[in-house]
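For reference, the structure discussed in these notes is given below.
The values are calculated or read from the model by the stated rules, or taken from the named source; none is laboratory data. Bear in mind that the values here come from a model prediction, so they are computed numbers and not experimental data. Note that each Cβ is placed from the backbone with ideal geometry, even for glycine, and that neighbours are counted across all protein chains shown. Surface accessibility is based on the protein's heavy atoms, side chains included, excluding ligands, DNA and RNA. Shrake-Rupley method; radii C 1.70, N 1.55, O 1.52, S 1.80 Å.
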Amino acid sequence: MERDELFNLLDEFKIETPSWGYADTGTRFGKFLQPAAAATIEEKLADAGTVHRYTGCCPSVAVHVLWDFSVGVDASQTAETARKNGVSIGAINPNLFQDQIYKFGSACSGDDRARAHANRHVMESIAIGKALKSPLLSVWMADGTNYPGQDDIVSRKRRLEGALRQWHDAMPEGMTMLVEYKPFEPAFYHTDIADWGMAYTLARQAGPRAKVLVDTGHHLPATNVEQIVAFLLDEDMLGGFHFNDRKFADDDLTLGSMDPYAVFRIFHEIRNAVELHQKDVSRLAYMIDQSHNLKPKIEAMIQTAMTAQELYAKACLVDRKRLQDAQARMNIVDAEETLRTAFFSDVRPLLAEWREGHGLDGDPMGAYRASGYEAKVASEREAARAQKGGQSSGAYA
Ligand code: LRH
Ligand code: MN
C-alpha cells in the first residue's frame, strides 16, 4: 500500500476515549486513588483534550450520564467545555445499573417501578444527547439473575423488547442506538443480553437505527471475536466497539496488553469488509472502555490510542491480493504468512511521520511526559479535593 493511502486511512481512524477512564476506578476489592485523577466533567474533558492534543486521533469523549451530569445540568455548557478543550461529546451512556431500584434489573425487571425509573432515565439521557448533538446512545444493561428460577427469562426478554423499541423511536434523527452484550457480571446465572446473537436480534427488532456494540472484554474464553465482527459487518449490524484487553474476564485492561494479535485480527476483518466485500465502515464507532486502576490514567489512554493506531495500520498493510491468491490455492501457510508479515512489520516510524505531518510530536508519550501536565493537575486537584474536604463520591467513576 502506498504511504499516502495508509496516511489517509489513519486520518479517518478516530478513537473515542471514555470519560470514566480518567477518573479513579477500582474493583470490588478497592480503589487506589491517583492525585492527578479527574473527578469533575471539566477535569475529564481537559484530560481527554490533552490525549487528543498529543495523539491527534481522539477527538471525542464518551460520557456516562450519572457519572458526568448532575440533575438539571445545562448540557450545552458541557458541549462548550468540550469544545474549549478541542474535543466533542460522543456516545451517551445511560446508567441502568447503579440505582438501588435496579436490584432485580432495569427494563427487564418484574418490578414496574424499576422499569418506569429506567424509562425515565433513558429519556433524560436521550434529551442530553440531543442537546449535545451526540451521534450515539450506547446501551449496556447489567440485567440478569443469580439463581435458576429467580425470574422467567422469556418474560424478561419481552419486557426488554418493548423498552428498546420505545427508546429507539424516542431518539432524534441522526442518533444511533448501540446494544452492548455481556455474558455475565454483575449477574452470575443469566444475563438478559448475554451474547452477540441476542444483541443482534434485539437491535433488529428495536428498529433500523439500532446496531450491536462489541466490547472486546465481553466474551467467554476462546470466543472467536473477529468472526463475530466479520459476521455482524456482513449483516450491516455492527455499530461499534469498546476496546480493552483481558486475560480472564471483563478485566478492562489496556488494549493490546495481553493479546495484540487478537486486536489485529479484528481490524483485519474490518479491512476485509471494505476491500474484499465493499462494505461501508465509515460509521463504525471505535471507542475505548477501560478502567485504569493502576496505570497513570492519561498515559494509559495515550498508550492505548497509539497501540490502536499501530494495530490498525498493520491490518491496513495486509497484502489482500496475495492473501486471496493463497486462499484460492488453499495454501494455508502462504495465506497465514500474509497476515503475519503485516503484523510483525514495524509501523512505528510511519506513525511518527504521520504525527509530524499533522504538526504533532512523533513521540506522544515522551512529549506528554515532558509537558509536566500530570504534576500540574495533580497539585491543582489535590488542592481542590482538600478544599472540598477529601475523597470524591463513592460512585464507580
Ligand atoms: C460494562 C461496560 C459498559 C459500561 C461500563 C463502564 O461492563 O463495559 O460498557 O457502561 O463497562
Ligand atoms: Mn463496555
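Which one of Val87, Val333, Val225 has the biggest mean-square fluctuation once the chain is modelled by GNM with Cα springs under 10 Å? Result: Val333 has the largest fluctuation of those listed. Split the accessible area of the chain by element, probe 1.4 Å, and carbon with sulfur accounts for 54%. Find out how many positive minus negative residues lie around Asn331, taking Lys and Arg as positive, Asp and Glu as negative, among other residues whose Cβ is under 13 Å from that of Asn331. It works out to a net charge of -2.
Think of a 1.4 Å ball rolled over the protein heavy atoms: segment 153-193 then has 43 Å² of accessible area per residue.
With a ≥ b ≥ c taken as the square roots of the eigenvalues of the C-alpha gyration tensor of segment 176-301, please select rounded if a/c is under 1.5 and otherwise prolate if a/b is larger than b/c or oblate if it is not? Here segment 176-301 falls in the oblate category. Per residue, the chain reaches -15000 deg cm²/dmol at 222 nm when only DSSP H runs of four or more residues are counted, each adding -39500 (n - 2.57). Please give the residues of segment 1-24, grouped as numeric ranges, whose backbone N is less than 15 Å from a label point set 7 Å along the Cα-to-Cβ vector of Asp319. Within reach of a label on Asp319, which here means backbone N under 15 Å from a point 7 Å along Cα→Cβ, segment 1-24 contributes 1-2. In the elastic network of the chain, a GNM with C-alpha springs shorter than 10 Å, the most mobile of Val73, Val139, Val63 is Val73. Taking Lys and Arg as +1 and Asp and Glu as -1, the other residues whose beta-carbon sits under 10 Å from that of Gly174 total +2. Could you bin all the Cα-Cα distances of segment 116-175 into 10 Å bins starting at 0 and give me the percent of pairs in each, rounded to whole numbers? All Cα pairs, binned at 10 Å, distribute as 19, 47, 23, 10, 1 percent.
Bridgeable lysines around Lys279 (alpha carbons under 21 Å apart, same-chain partners fewer than 8 residues away excluded): Lys14, Lys211, Lys314, Lys321. Among beta bridges from DSSP that stay inside the chain, the antiparallel ones total about 15%.
Give the Rg/Rh ratio for the chain, taking Rg as the radius of gyration of the Cα atoms and Rh as the Kirkwood radius, to two decimals.
Rounded to two decimals, Rg/Rh equals 0.96.
Segment 71-122 and segment 302-317 have their alpha-carbon centroids 31 Å apart. Projected onto its three principal axes, the C-alpha set of segment 1-141 covers 58, 33, 32 Å, listed from the longest axis down.
Model label sites at Glu161 and Thr341, defined 7 Å from Cα along the beta-carbon direction, differ in position by 5.0 nm. Remark: segment 233-370 carries 46 Å² of accessible area per residue (probe radius 1.4 Å; ligands, DNA and RNA excluded). Solvent exposure of segment 1-70 amounts to 39 Å² per residue of accessible area, where only protein heavy atoms count and the probe is 1.4 Å.
For Lys84 and Met330, the FRET efficiency from 1/(1 + (r/R0)^6), where r spans their Cβ atoms and R0 equals 41 Å, is about 0.10. Taking the Cα atoms of segment 252-395, the ratio Rg/Rh between the radius of gyration and the Kirkwood radius comes to 1.11. Summing charges over all other residues whose Cβ lies under 11 Å from the Cβ of Ala249, with Lys and Arg as +1 and Asp and Glu as -1, gives -1. Averaging the Cα positions of each part gives two centres, and for segment 1-64 and segment 179-207 these lie 26 Å apart. Using a cutoff of 8 angstrom between alpha carbon atoms and counting only pairs six or more residues apart, the relative contact order for the chain works out to 18 percent.
Expressed to the nearest 5 percent, the antiparallel share of DSSP beta bridges inside segment 48-199 is 15 percent. For a straight C-alpha distance cut-off of 18 angstrom, the lysines reachable from Lys297 (same-chain residues fewer than eight places away being disregarded) are Lys31, Lys44, Lys376.
Test of understanding: in a Gaussian network model of the chain with alpha carbons linked when under 10 Å, which of Lys314, Lys279, Lys182 would top the mean-square fluctuation ranking? Ranking Lys314, Lys279, Lys182 by mean-square fluctuation puts Lys279 first.
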